[in-house]
Protein chains: 2
Amino acid sequence: MNGWLAIAGLGPGDDRLVTPEVTAIIAQATDIVGYIPYVARIAPRAGLTLHPSDNRVELDRAAHALTLAAQGRRVVVASSGDPGVFAMASALFEALEAGPAHWRDLDIRVLPGITAMLAASARAGAPLGHDFCAINLSDNLKPWSLIEKRLRLAVEADFAMAFYNPRSKARPDGFARALDLLRSLCGDDRPILFARAVSTPQELLQIVPLGAARADMADMRTVVILGSSRTRLIARSRGPILYTPRSALDGPA
Amino acid sequence: MNGWLAIAGLGPGDDRLVTPEVTAIIAQATDIVGYIPYVARIAPRAGLTLHPSDNRVELDRAAHALTLAAQGRRVVVASSGDPGVFAMASALFEALEAGPAHWRDLDIRVLPGITAMLAASARAGAPLGHDFCAINLSDNLKPWSLIEKRLRLAVEADFAMAFYNPRSKARPDGFARALDLLRSLCGDDRPILFARAVSTPQELLQIVPLGAARADMADMRTVVILGSSRTRLIARSRGPILYTPRSALDGPA
């Protein structure tokens, strides 16, 4: 039996953003494991078993995938975006490290994908065109104090910032506190992008000054990008372009 | 005449990492503009004009592409990786903002791609699986003091870090200084990944403790990823897995 496991990034939603590498591995799989809406993106076919599971069971899902691969199945763990950015790859390796030694002999691959911040950035212009950071605003797995510390340091470093999981029903208040903190540090004029469900029919982009940002502009399907002090808006009749210049030198580059 | 301009990410090198969206836009183009090795990845065909240009002429290249689109051509600016991450998108918008007003009426799109750090992270495991930052180590367009400031703050925030453009012939010393600074802040045991030319026949991955990292392990085709304090190595006969757990809570999650 030659089982294997591939953790594959399906990108932000549009099938035209799925890499040929990922499409090819899905065609070879016997089993697809993943969160319900991601597994729903895979076309059923004879010989392919779909294993959709609920949110917040990442370690169980990872152990299930590893068990199937160890039984000789060809398993794809379907992840949205890129599996290595606030998605399934880390959970899989946590389960691997804690699991039976023979799991370490498995053929395991991670196949990259278009992560939400890159899809959002492309749609808006190039707000991540200079140094930036990516922060998961969920406080399920880290204390809120650490999130605030990172926001303060990221402002001091003058990074553009991409925020994943800004808001959920279980955590309605944290994002409002993050916006208040960022306003106190960056002022009201800094542009901020709310990019919801980019590349899907529900896509919605809003660029507002930080002073006008409200927590309810984000939900679980939104990635948020805050500009650095040098991020610029180009006004156009076609809609604004948000971008961060390459240079951090003062005066003409 | 209905010219347009698309800034398209070709990914790290392997054609299986080029999105179908990018492949489709190239098929519609009349002109490809870009740095020589990226334009060389596009198959010539009747009706397609290739415009390869040298490195370090990004603004001239951007203005050329905008001029062609304004003349009614269908122009693809070929970028490696993702065009919005230390690549051509910001240069294009700098040229647009500084250029004639009628350029703002052009149909301009950015098509995302697999950026080097995500390809490298996937190959090594999931070192960017928790909060992280991306820093361009070239000091062409920013003072070295700002790079050092950002490194210090990124360590204090305990971000994993991806470094683009770590070293070039024109800047042989900066990366060695960066490594010295990082060793003084993080100690010798922190794992660091050197990922060269990922997904190409020249691919080379090295994971070493920071104390054993040497500047000459990197060149212009290398992206470097430094783990956070929580990044782990899983030893395996198949080669180690480098990953950062999702949790930053102490004790059992």
Inset, instruction - Can you tell me the relative contact order of region B:4-114? Whole percent, Cα pairs under 8 Å, sequence separation 6 or more. - result: 43 percent
Legend entry - Dimensionless Rg/Rh of region A:133-182 - Kirkwood Rh, Rg from C-alpha atoms: 0.93
Inset, instruction - Any chance you could check region B:209-253 for residues losing 30 Å² or more of accessible area when the partner protein chains are in, compared with the chain on its own (1.4 Å probe)? - result: B:ILE234, B:ARG236, B:ARG238, B:ILE241, B:TYR243, B:ARG246, B:ALA248, B:LEU249
Inset, instruction - Take the rotation relating chain A to chain B, measure from its axis to every Cβ in chain A, and name the nearest residue with the distance in whole Å. - result: A:CYS133, 2
Inset, instruction - Starting from the eigenvalues of the Cα gyration tensor, five times each then square-rooted, give me the equivalent ellipsoid semi-axes of the protein assembly as shown, largest first, whole Å. - result: 33, 27, 24
Legend entry - Accessible surface of the protein assembly as shown [probe 1.4 Å, protein heavy atoms]: carbon and sulfur percent: 51 percent
Inset, instruction - Enumerate the calculated ³J(HN,Hα) couplings along region B:122-138 in order (Karplus 6.51 cos²θ - 1.76 cosθ + 1.60, θ = phi - 60°), each rounded to whole Hz, writing x wherever the residue is Gly or Pro. - result: 4, 5, 8, x, 7, x, 9, x, 10, 3, 8, 9, 10, 10, 7, 7, 5
Inset, instruction - Compute the Rg to Rh ratio over region A:93-157 from the alpha carbon atoms, using the Kirkwood formula for Rh, and round to two decimal places. - result: 1.11
Inset, instruction - Can you give me the P(r) profile for region A:117-243? Cα pairs, bins 10 angstrom wide beginning at 0, each as a whole percent. - result: 13, 49, 33, 5, 0
Legend entry - Within 10 Å of each Cβ in B:150-158, the average number of Cβ atoms from other chains: 6
Inset, instruction - Would you calculate the volume per residue, in Å³, of the smallest convex hull containing every Cα atom of chain A? - result: 147 Å³
Legend entry - Accessible area per residue in Å² at 1.4 Å probe, computed on region A:45-155: 32 Å²
Legend entry - Backbone N under 16 Å from the A:ASN55 label point (7 Å along Cα→Cβ), restricted to region A:199-234: A:216-224
Legend entry - Shortest-first distances to equivalent copies, position B:LEU146, nm, label 7 Å out along Cβ: 3.0
Inset, instruction - List the distances, in nm to one decimal, from the label point of B:LEU205 to the label points of the same position in every other copy, shortest first, placing each label point 7 Å from Cα along the Cα-to-Cβ direction. - result: 3.3
Legend entry - For B:GLY125, residues with placed amide H under 5 Å, excluding near neighbours: B:LEU242
Legend entry - Copy-to-copy label separations for B:ALA235, where each label sits 7 Å from Cα toward Cβ, in nm and ascending: 6.4
Inset, instruction - Any aspartates and glutamates with Cα under 17 Å of the B:LYS169 Cα? List them, leaving off those in the same chain fewer than 8 positions away. - result: B:ASP54, B:ASP139, B:ASP216, B:ASP219
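What quantity of accessible surface, computed with a 1.4 Å probe and excluding non-protein components, is buried in total between chains A and B, in Å² to the nearest 100?
On the way: alone 12970 and 12960 Å², together 19590 Å².
Rounded to the nearest hundred, the buried surface is 6300 Å².
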Legend entry - Karplus (6.51, -1.76, 1.60) ³J(HN,Hα), θ = phi - 60°, over region A:232-246, in Hz, Gly and Pro reported as x: 10, 10, 9, 6, 8, 5, 7, x, x, 10, 9, 8, 10, x, 5
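The values are calculated or read from the model by the stated rules, or taken from the named source; none is laboratory data. This structure is a prediction, so every number in the text was calculated from the model and none was measured. Cβ: placed from backbone, ideal geometry, glycine included. Neighbour counts: every protein chain shown. Calculation scope for accessible area: heavy atoms of the full protein, side chains included, ligands and nucleic acids excluded. Shrake-Rupley method; radii C 1.70, N 1.55, O 1.52, S 1.80 Å.
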